[in-house]
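Colleague: Following this message is one structure expressed as structure tokens.
The values are calculated or read from the model by the stated rules, or taken from the named source; none is laboratory data. Model, not experiment: these values are computed from the prediction. Note: ideal-geometry Cβ built from the backbone for every residue, glycine included; neighbour counts use all protein chains shown.
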Amino acid sequence: MKSTLLRPLLLSTVLVGSLSLYALTNKGTTVVADPDNAGLKLPTGFGALVVAETGARTRHLTVTPQGNIYVKLNRPTKDGKGILVLHEAPTGKATVTGGFGSYGGTGIATKDGYLYASSDQEVFRYKLDAKGEVTNPAQPEKIITGLINRRQHESKSIALDNAGNIYVNIGAYSNSCQVKDRQKGSLGQPNCPVLDSAGGIWQFRADKLNQGYGSGTRYATGLRNVVGLDWNQQVNGLFVMQHGRDQLHDTFPELYDTKQSAERPAECLYALKKGDNAGWPYLYYDPIQRKKMLAPEYGGDGKKEADPKYLEPAAAYPAHMAPNGLLFYTGTMFPEKYRNGAFIAFHGSWNRAPEPQKGYYVVFQPFKDGKPAGDWEVFADNFAGSPEKIATGRADHKPCGLAQGPDGSLYVSDDKAGTIYRIVYNKK
């Protein structure tokens, strides 16, 4: 698949009063946008509302066909709840009605009558009843256990296919597999040992108990860390967003200046097949040259290209913006152009200084025939609160998880203040 760095296309924005922008849900009720669109800037015709203020670090979330919202928390609440349950009123506003799961983490998803959720080393599943409610909150089935957690890129994001498999990110506990992690001038470890148990996507059965590394399959490797991933129903394949490496200037200042380090490497979208190798830590993707470059830890100098045997990205985005959510849109509420395209939640950068920080928005990537097609667009902006807060990295809100509601609306979680947003489209 041809790799391209797609330029952002800025969409027109609209802020509309709650009386003029609404959306009919599949239940026939009217969801009304907040008067200020929850503070967001959106394309014309779209509106947003704050569903709930949780006050917690909300990571990924999922919405059942019945409209129940389950939100995974990075850390459990004071009363030990790592998953929040929210129920919405007809207006779209929701209240937290309960919680369960005494573990923190990121991953959560629903599929075929089950809720799946992950800690940073295990994955559990819960049976859902006909109302979309968990029947066994205190006694989940532990389907995966013993995954490595060394407190760097530890989140275990998940996605499910249509054949009874679950895919789990196991992030590399390293920036670039140096002998001394993140230390100036330290070279890369030969045959990077991190890749034995991390730095890739593992495949397990979704219905088998107590699986470990020996029960699973290393589906794809050479991926530094994946937080956003989703199964593309149109092509029946797995897509992932990789967090690119950090600190090119800090570790090799003789090869990269601060601006080069701020702009490299790209955050990459990959279309994965079993056995694929995306090349971390031996390479990075340069969005300026639009090439796979040999990493400096392994003999690179910013000019040497990497071995062409490694997987090409399907698309590339600006550096260090932390893509934490990926969702292929299959609903009918939004206009036709969004169908089967991808929404990506960029959590925002921390390591572009002295250049301004970037991100803190949700973008839309058009697809055609299962492949990225055309420029990506900033879809939902102003989570940060102001351009000054973006530039300094002191955002009010940081988008993290994405979910599609049964009516086709888009939910966005925020792991800074714990706000849950819902974006709707006025079909009138």
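Colleague: Return the total of residues in the stretch 180-230 being part of a strand (DSSP E or B) and either of a type in the set (S, T, N, Q) or closer than 26 Å to R125 by Cα (or both).
Modeller: Summing the residues that are part of a strand (DSSP E or B) and either of a type in the set (S, T, N, Q) or closer than 26 Å to R125 by Cα (or both) in the stretch 180-230 gives 17.
Colleague: What single numbered condition from (1) without any contact (Cβ under 8 Å) to a residue 60 or more places away in the chain; (2) crowded, with 20+ Cβ neighbours inside 10 Å; (3) in a loop (DSSP other than H, G, I, E, B) fails to hold for I166?
Modeller: Result: I166 fails condition (3) only.
Colleague: Quick one: which of L294, L272 is hydrophobic (A, V, I, L, M, F, W, C), without any contact (Cβ under 8 Å) to a residue 24 or more places away in the chain and in contact with a Leu (Cβ under 8 Å, 6 or more places away or on another chain)? Full working, then the answer.
Modeller: Numbers: L272 fails: without any contact (Cβ under 8 Å) to a residue 24 or more places away in the chain.
L294 is the lone residue from the list that is hydrophobic (A, V, I, L, M, F, W, C), without any contact (Cβ under 8 Å) to a residue 24 or more places away in the chain and in contact with a Leu (Cβ under 8 Å, 6 or more places away or on another chain).
Colleague: If you go through the stretch 320-337 one residue at a time, do you hit one that is within 23 Å of P193 (Cα to Cα) and without any contact (Cβ under 8 Å) to a residue 60 or more places away in the chain? Spell out the reasoning first.
Modeller: So in the stretch 320-337, the residues within 23 Å of P193 (Cα to Cα) come out as none.
Looking through the stretch 320-337, none of the residues is within 23 Å of P193 (Cα to Cα) and without any contact (Cβ under 8 Å) to a residue 60 or more places away in the chain.
Colleague: I would also like to ask the following. Scan the stretch 221-237 and report the pairs whose first residue is without any contact (Cβ under 8 Å) to a residue 60 or more places away in the chain and whose second residue is part of a strand (DSSP E or B), with Cβ atoms within less than 6 Å and a gap of 6+ or a chain change.
Modeller: Taking only residues 6 or more apart or on different chains, the pairs are T221/G200; T221/N277; L223/G200; L223/Q242.
Colleague: In addition: Regarding A56, is this residue within 22 Å of V96 (Cβ to Cβ), at pLDDT 95 or above and touching a Gly at 6+ places or on another chain (Cβ under 8 Å)?
Modeller: Yes, satisfied.
Colleague: Can you tell me which of K273, K259 is basic (K, R) and touching a His at 6+ places or on another chain (Cβ under 9 Å)?
Modeller: K259
Colleague: Filter the stretch 151-163 down to the residues that are surrounded by fewer than 18 Cβ atoms within 10 Å (Cβ to Cβ) and free of Cβ contacts under 8 Å to residues at least 40 places away in the same chain and list them by number.
Modeller: Once the filter is applied, which keeps residues that are surrounded by fewer than 18 Cβ atoms within 10 Å (Cβ to Cβ) and free of Cβ contacts under 8 Å to residues at least 40 places away in the same chain, the stretch 151-163 yields R151, Q152, A163.
Colleague: State yes or no: is R264 at positive phi, touching a strand residue (DSSP E or B) at 6+ places or on another chain (Cβ under 7 Å) and either free of Cβ contacts under 8 Å to residues at least 40 places away in the same chain or surrounded by fewer than 24 Cβ atoms within 10 Å (Cβ to Cβ) (or both)?
Modeller: Answer is no for this residue.
Colleague: I would also like to ask the following. Looking only at residues that are at pLDDT 95 or above, among the aliphatic types (A, V, I, L, M) and over 18 Å from the mean Cα position of the chain (by Cα) in the stretch 330-386, which one is surrounded by the fewest Cβ atoms within 10 Å (Cβ to Cβ)?
Modeller: Taking the candidates together, the pick is A373.
Colleague: Within the stretch 52-67, take every residue that is of a type outside the set (S, T, N, Q), assigned to a strand (DSSP E or B) and touching a Leu at 6+ places or on another chain (Cβ under 7 Å) and give me the one that is nearest to I108 (Cα to Cα). Walk me through how you get there before you give the answer.
Modeller: First, the residues of the stretch 52-67 that are of a type outside the set (S, T, N, Q): 52-53, 55-57, 59-61, 63, 65, 67.
If we keep only those that are assigned to a strand (DSSP E or B) too, we end up with 52-53, 59-61, 63.
Subsequent filtering for residues that are touching a Leu at 6+ places or on another chain (Cβ under 7 Å) retains 52, 59.
Working: A52: 18, R59: 9 Å.
Among residues in the stretch 52-67 that are of a type outside the set (S, T, N, Q), assigned to a strand (DSSP E or B) and touching a Leu at 6+ places or on another chain (Cβ under 7 Å), the one nearest to I108 (Cα to Cα) is R59.
Colleague: Continuing with the same structure: If you take the residues in the stretch 267-278 that are within 16 Å of the chain's Cα centre (by Cα) and surrounded by 24 or more Cβ atoms within 10 Å (Cβ to Cβ), which one is farthest from P356 (Cα to Cα)?
Modeller: In this case the residue turns out to be Y270.
Colleague: May I ask you to list the residues in the stretch 385-409 that are part of a loop (DSSP other than H, G, I, E, B) and either over 26 Å from V240 (Cβ atoms) or of a type in the set (K, R) (or both)? I'd like the intermediate steps shown before the answer.
Modeller: So the first thing to find is which residues in the stretch 385-409 are part of a loop (DSSP other than H, G, I, E, B), and the list is 385-386, 393-398, 405-409.
Within the stretch 385-409, G385, S386, R394, D396, K398, D407 qualify.
Colleague: Determine whether the stretch 140-163 contains at least one residue that is hydroxyl-bearing (S, T, Y), more than 23 Å from N68 (Cβ to Cβ) and not in a loop (DSSP other than H, G, I, E, B).
Modeller: Checked against the condition, which is being hydroxyl-bearing (S, T, Y), more than 23 Å from N68 (Cβ to Cβ) and not in a loop (DSSP other than H, G, I, E, B), the stretch 140-163 yields no hits at all.
Colleague: Please go through the stretch 334-384 and give me each residue that is of a type in the set (K, R) and more than 29 Å from Q247 (Cβ to Cβ), ordered by number.
Modeller: K337, R339, K368, K371
Colleague: Moving on to the next point. When only residues in the stretch 297-317 that are without any contact (Cβ under 8 Å) to a residue 60 or more places away in the chain and not basic (K, R) count, which is surrounded by the fewest Cβ atoms within 10 Å (Cβ to Cβ)? Steps first, answer last, please.
Modeller: Pass one, the stretch 297-317, residues without any contact (Cβ under 8 Å) to a residue 60 or more places away in the chain: 299-309.
Then drop every residue that is not not basic (K, R), which leaves 299-302, 305-308.
Working: G299: 11, G300: 20, D301: 12, G302: 15, E305: 13, A306: 19, D307: 11, P308: 8.
Looking at the filtered set, the residue picked out is P308.
Colleague: Go through (1) over 20 Å from the mean Cα position of the chain (by Cα); (2) closer than 30 Å to D381 by Cβ; (3) in a loop (DSSP other than H, G, I, E, B) and name the single condition H249 misses.
Modeller: Condition (3) is where H249 drops out.
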